[in-house]
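Only one structure is covered here, and it is reproduced in the block below.
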Amino acid sequence: MHRTLSVASSPVRDLLALTSRPEVISFAGGLPAPELFDQDGLRAAYDLALRDRSVLQYAPTEGNPVLRSLVSHRLTGRGLPTSDVLVTTGSQQALSLVATALLEPGAVVAVEEPTYLAALQCFQMAGARIVPVASDADGLDPDSLRSVIAAERPALLYLVPTFANPTGRTLSASRRAEVAELAASHDFWVVEDDPYGELRYRGSAVAPLASISDRTIYLGSFSKIGAPGMRLGWLRAPADLLRTFGIVKQAADLHTSTVDQAAAAAYLTHNDLDAHVTRLCVAYGERRDAMIAALPSTVPDGTTWTDPDGGMFVWLRLPGDVDSAELLKDALSHDVAFVPGAPFFATTPDHATFRMSFTTNTPAEIFDGMSRLAKVLR
Ligand code: PMP
């Protein structure tokens with residue numbers, strides 16, 4: 001079978017269709033809260049951008065120079081010195097570009113387990129063999145990575161080191177240093193996928209892996225701090241690789257939407273994105289706290305869950321021999337939803353796990369949804 005035919009449709013995307021009934025309180029999708037979009041700011045930015053006819057024209061593959069410079073400046077300000085980025089159509093496209101440019105069919109990609117399932121799909125479609133690396137509360141386990149390196153010689157390590165999807169976990173600073181050292185000494189690329197890093201609700205920032213490793217390709221996104229419908233992301237890499245990714249992107253889509261890039265550049269020029277992110281963090285932090293507070297009376301004794309410092313997700317594991325996909329059917333009949341954990345595993349799924357997102361419901365809705373869920377789980 002051709003390799004694209006063997007890649008299943010994302011169960012999460014399929015599920016979103018079922019959870020969109022208005023009476024369902026959904027903890028399933030990893031979506032930003034729509035009521036917190038800066039709709040007025042973005043409308044003004046599009047209006048400003050559209051005063052110039054050239055934003056309706058074809059444009060260079062690398063992206064809008066003003067946007068590239070603003071994003072580079074922002075990354076530098078966050079502790080990741082950056083001279084240039086490639087603008088991508090969401091960070092999802094950056095994942096495809098990485099897979100196309102760097103992976104021969106049969107190449108080994110090491111991933112933290114569990115991990116972002118659309119990254120798994122992307123690497124599978126490139127014909128890669130995916131090898132899981134164990135993780136714990138501090139993120140990827142460097143000892144497990146060492147064993148994988150010795151046995152499999154990976155070409156690439158894919159990581160969401162900060163507030164991971166699906167676990168919410170963050171790779172500690174000392175482990176980042178170990179990963180950087182291993183990448184340098186064993187000559188593999190690290191993909192640091194960082195759409196959630198700015199959404200921190202407590203504690204202090206951990207320096208990006210890319211700031212201590214020149215073997216790291218860093219992916220950022222406007223989706224979680226701005227608006228995902230604009231489909232804007234960026235890729236930072238050493239200059240020669242950045243050029244290669246640009247050539248691959250040319251074949252993929254010529255360039256990312258000119259008008260969306262121009263609007264983002266106008267938005268970043270005339271608005272305080274940091275202040276907007278702070279507003280998001282206040283609201284999401286309250287939602288996170290509401291979910292964590294409701295959990296002990298929602299889940300059965302013996303359940304474990306992560307306690308994320310940021311991002312969008314709590315990851316749970318139920319006791320005993322249960323299948324969260326079966327429980328989801330019950331949950332949907334009680335008008336509440338979550339995402340079963342199995343698809344986030346590269347190889348052997350743990351069916352007792354599931355992911356809950358706290359971003360799109362208010363604390364009151366979260367308490368309501370959690371009491372519905374308690375009827376299913378307890
Ligand atoms: N990486 C991770 C870890 C994600 O969770 C997501 C979106 N859910 C993406 C990449 C893709 O984001 P986008 O293409 O909207 O930037």
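When the alpha-carbon atoms of the stretch 256-378 are used, the pair Rg, Dmax equals 17.8, 54 angstrom. Cut-off 10 angstrom, C-alpha nodes, Gaussian network model of the chain. Which of Ala28, Ala205, Ala151 fluctuates the most? Per the Cα network of the chain with a 10 Å cutoff, Ala151 tops the list.
Taking a straight Cα-Cα cut-off under 15 Å and skipping sequence neighbours fewer than 8 places away in the same chain, the aspartates and glutamates within cross-link reach of Lys375 are Asp301, Glu326, Asp330, Asp335.
Taking the highest mean first, how do the peptides 58-69, 348-359 order by number of other beta carbon atoms within 10 angstrom per residue?
Final packing ranking: 348-359, 58-69.
Using a simple spin-label model with pseudo-atoms 7 Å out from Cα toward Cβ, Arg146 and Ala177 lie 1.6 nm apart. Per residue, the solvent-accessible area of the chain (1.4 Å probe, heavy atoms of protein chains only, all protein chains present) comes to 42 Å². Rg/Rh for the stretch 98-163 stands at 0.95; both radii use Cα atoms, and Rh follows the Kirkwood definition.
Counting DSSP beta bridges with both partners in the stretch 54-270, what percentage is antiparallel, nearest 5?
Bridges in the stretch 54-270 that DSSP calls antiparallel: roughly 35 percent.
Pairwise Cα separations in the stretch 218-316 fall into 10 Å bins from 0 onward with the following percentages, short to long: 12, 30, 26, 20, 10, 1. Of Phe345, Phe123, the order by accessible heavy-atom surface (1.4 Å probe, DNA, RNA and ligands excluded), from most exposed downward, is Phe345, Phe123.
Annotation: average projected area of the stretch 44-174 is 10.3 square nanometres, based on the convex hull of Cα atoms across all directions. Residues considered: Arg169, Arg129, Arg243. Largest GNM mean-square fluctuation over the chain, using C-alpha springs under 10 Å, is found at Arg243. Estimated purely from DSSP H runs of n ≥ 4, each contributing -39500 (n - 2.57), the mean residue ellipticity at 222 nm for the chain is -13000 deg cm²/dmol once divided by its residues. With the cut-off at under 13 Å, measuring from each backbone N in the stretch 137-177 to a point 7 Å along the Cα-to-Cβ line of Thr304 picks out 137-139. Over the stretch 125-186, the hull volume per residue, using the convex hull of the C-alpha atoms, is 88 Å³.
Each of Asp141, Asp368 has its accessible area taken with a 1.4 Å probe; listed largest first, they run Asp368, Asp141. Could you please state, rounded to a whole Å, how far the C-alpha centre of the stretch 179-224 is from the C-alpha centre of the stretch 290-365? When both Cα centres are located, 26 Å separates them.
One chain, two ends: Ser297 and His73. Fully extended at 0.36 nm per residue, the span grows by 76.1 nm beyond their Cα-Cα distance. Cross-link partners of Lys224 among lysines, defined as those whose alpha carbon lies under 25 angstrom from its own and excluding same-chain residues fewer than eight positions apart: Lys249. Remark: spin-label model distance Arg243-Leu50 equals 3.9 nm, labels positioned 7 Å along the Cα→Cβ axis. Return the tail of the calculated pair distribution for the stretch 86-239, meaning the percent of Cα-Cα pairs more than 25 Å apart. Every Cα pair in the stretch 86-239 considered, those over 25 Å come to 21 percent.
Note on the chain: with a GNM built from Cα contacts shorter than 10 Å, the maximum mean-square fluctuation among Ala94, Ala239, Ala263 falls on Ala239.
For the chain, a Kirkwood hydrodynamic radius built from all Cα pairs, placed in the Stokes-Einstein relation at 10 °C and 1.306 mPa s, yields a translational diffusion coefficient of 74 µm²/s. A simple packing score, the average count of other Cβ atoms within 10 Å per residue, orders the peptides 325-338, 41-54 as 325-338, 41-54, with the highest score first.
Counted residue by residue at 0.36 nm each, then reduced by the alpha carbon distance between them, the extension gain from Arg202 to Glu35 reaches 57.8 nm.
The values are calculated or read from the model by the stated rules, or taken from the named source; none is laboratory data. Everything numeric here is computed off the predicted structure, so don't read it as measured data. When we count neighbours, we look across all protein chains shown, and the Cβ atoms used for this are built from the backbone with ideal geometry, even at glycine. We work out accessible area using only protein heavy atoms, side chains counted, and drop any ligands, DNA or RNA first. Shrake-Rupley method; radii C 1.70, N 1.55, O 1.52, S 1.80 Å.
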